[in-house]
């Protein structure tokens, strides 16, 4: 499982990094994301394809460990290829 600690990162940039990593994952691969901002979880779910993931767990990180929000997810299937019309 890959862990992305974005607790001191700029949320839009961290979402782009995570989105790119998710595209490269294979079904069955998992990742853990850590944020300071609880709204980042909602933002993440807007940029990842809901049909291709399963949320394993979410929760608060205890303050002695730096605090914040933790989310673990698994990629369940490959994203469909999108075709653009010309």
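Every read-out reported here was derived from the displayed coordinates using simple, explicitly stated rules and does not represent laboratory data. Only a predicted model underlies this, so the values are computations on that prediction, with no experimental measurement involved.
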In the stretch 2-75, if every C-alpha pair distance is counted and binned at 10 Å from zero, what percent goes to each bin?
20, 58, 21, 1
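Before rounding to the nearest 500, sum -39500 (n - 2.57) across all DSSP H runs of length at least 4 in the chain and divide by the residue total; then give [θ] at 222 nm in deg cm²/dmol. Provide the component values of the computation, followed by the final result.
Working: 2 runs with 23 residues, N = 86.
That comes out to -8000 deg cm²/dmol.
How many percent of DSSP beta bridges within the chain run antiparallel, rounded to 5? Provide the component values of the computation, followed by the final result.
Values: 13 of 18 bridges.
In the chain, approximately 70 percent of DSSP beta bridges are antiparallel ones.
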